[in-house]
Amino acid sequence: MSKSPVFHIVQNGAQDGAPAPDIGPLHGAVVAVGNFDGVHRGHRAVIGAALARAKALGRKAAALTFSPHPRLFLRPQDTLFQLSSPRDRLRLLAATGLDGAIVMNFDAALAATSAEDFIARILVGRFGIGGAAIGFDFHFGHKRTGSPAYLAEQGARLGFAVDIVPPLEDEGRPVSSGAVRTALTQGKVVEAAELLGAPWFVSGEVIHGAKRGRELGFPTANLRLDPSCGLKHGIYAVRVEVGARRYDGVASFGCRPMFDDGAPLLEVFLFDFDGDLYGQVIEVAFIGWIRHEQKFESIEALKRYILADGVQARDVLKRAGEAFPVLGQI
């Protein structure tokens, strides 16, 4: 089956009583169902199963996912460190070979939908799916009563195939969004990359800062990350994509203990770059850990450490080769 070069995105927020958006070429697709936060290797195994089933059936393959993350809707009092923004998640999905993504609005109506109705009214009635791939631990429907086994049972009854993907481990570690979050909260970006299959990255618009980096001789591109970001504060070797070009660099994520201990900020110094990035959206991939953030006895001591950080970051990046996440066009 030939793949369309266009990645179709359907924002499907309608519930009963309102017309459902036309999902166009994704109607009848084999769907990989999940939250896909970070699109890690376990998610890619589910996507791979959907792609294989779609190829066998001569159908398109799509991700069926949810926004906001169900946990944020069901437990709004909790803080969830999301590994990828909605846009970045779609860009990661677009690079997997899928034909598109159906993003369902997770709201009170969907949360109250029984597992049986989710299958019969939504998967079959609305989307006309040709098959489904699901992780071994993915549950759905009101109070998460729908299990992978139940989906397979209903699929056999209603005429669509279901592939249940077993757990994936990496050297004894479970490959899961939770495991990636844990690694990042400890600053273990190399371990996170092993679980993800590529370096973890963030994207954002470059904002104006206090210009201290420029005054120190190290002008930085500053990004304000989502408040839920649990990345360990510290100094990292990074690779940055600006438009169609990539630059190596060193970044500090934290509260600037040398100056103001303010809200966390990502400050990125790009090697061998001279230009104005304000207002541009850039991608920053975290390649290696350098050190903890700290307060120094003087500005001169800070400058010496910044120089040493740069030397170490260049070495880390050289050893990492061309490591960078593969992102699709949306």
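The values are calculated or read from the model by the stated rules, or taken from the named source; none is laboratory data. Quick caveat, the model's predicted, so the values are computed rather than measured. Reconstructed Cβ throughout: ideal geometry from the backbone, glycine too, with neighbour counts over all protein chains shown. Keep in mind that these areas ignore ligands, DNA and RNA; they rest on the heavy atoms of the full protein, side chains included. Shrake-Rupley method; radii C 1.70, N 1.55, O 1.52, S 1.80 Å.
Annotation: amide H-H contacts under 5 Å for Arg59 (H modelled 1.01 Å from N, sequence separation of 5 or more, or interchain): none. Note on the chain: Lys pairs 8 or more places apart or on different chains, Cα atoms under 26 Å apart, count 14. For the chain, the 222 nm mean residue ellipticity estimated from helices alone, with every DSSP H stretch of n ≥ 4 adding -39500 (n - 2.57) and the total spread over all residues, rounds to -8000 deg cm²/dmol.
Annotation: extensible slack from His292 through His142 equals 49.6 nm (criterion: 0.36 nm per residue apart, minus Cα-Cα distance).
Considering only Pro148, Phe324, Val175, the residue lying farthest towards the positive end of the dipole of the chain is Pro148, judged by Cα position with unit charges set on Cβ. Residue by residue, the range 159-166 carries 3J(HN,Hα) couplings of x, 10, 7, 10, 9, 9, 8, x Hz when phi is fed to the Karplus relation 6.51 cos²θ - 1.76 cosθ + 1.60 (θ = phi - 60°); x denotes Gly or Pro.
Could you give the semi-axes, largest first, of the ellipsoid that matches the range 143-207, computed as the square roots of 5 times the alpha carbon gyration tensor eigenvalues and rounded to whole Å? Spell out each step's value before the answer.
Working: eigenvalues 227, 53, 26 Å².
Here the semi-axes work out to 34, 16, 11 Å.
Phi angles across the range 273-285 convert, under the Karplus curve 6.51 cos²θ - 1.76 cosθ + 1.60 with θ = phi - 60°, into 3J(HN,Hα) values of 10, 9, x, 10, 9, 4, x, 7, 8, 10, 10, 10, 9 Hz, Gly and Pro given as x. Between Glu297, Glu205, Glu267, the residue with the greatest mean-square fluctuation in the GNM of the chain (Cα pairs under 10 Å linked by springs) is Glu297.
Taking Asp78, Asp309, Asp107 in turn, the Gaussian network model of the chain (Cα-Cα springs below 10 Å) assigns the largest fluctuation to Asp78. Taking every C-alpha pair closer than 8 Å and separated by at least 6 residues, the mean separation divided by the residue count of the range 48-171 gives a relative contact order of 25 percent.
Counting only DSSP beta bridges with both residues in the chain, tell me the antiparallel percent, nearest 5. Walk me through the numbers on the way to the answer.
On the way: 34 of 58 bridges.
Counting DSSP beta bridges with both partners in the chain, the antiparallel share is about 60 percent.
Under 5 Å from the amide H of Ile287 lie the amide H atoms of Ala237, Val238, Arg239, each residue being 5 or more positions distant or on a separate chain, with H modelled from the backbone and absent for Pro and chain starts.
Report the antiparallel proportion of the DSSP beta bridges in the range 17-161 as a percent, rounded to a multiple of 5. Mind showing how you got there, number by number?
Details: 1 of 16 bridges.
The answer is about 5 percent antiparallel.
Placing +1 on the Cβ of every Lys and Arg and -1 on the Cβ of every Asp and Glu, with nothing else charged, gives the chain a dipole about its Cα centre of roughly 420 debye.
Spatially, the range 223-257 and the range 139-176 are offset by 35 Å when compared through their Cα centroids.
Among 318-329, 218-229, sorting by the average number of other beta carbon atoms lying within 10 angstrom of each residue, highest first, gives 218-229, 318-329.
Amide H to amide H, with H built 1.01 Å from N, Phe66 comes under 5 Å of Met104, counting only residues 5 or more places away or on other chains. For Tyr150, the accessible area of its heavy atoms, probed at 1.4 Å with every protein chain present, is near 60 square angstrom. Here the simple spin-label model places points 7 Å from the Cα toward Cβ, and for Asp22 and Leu74 these points are separated by 3.5 nm.
Computed from the alpha carbon positions, the gyration tensor of the chain leads to an equivalent ellipsoid with semi-axes of 41, 19, 18 Å, biggest first.
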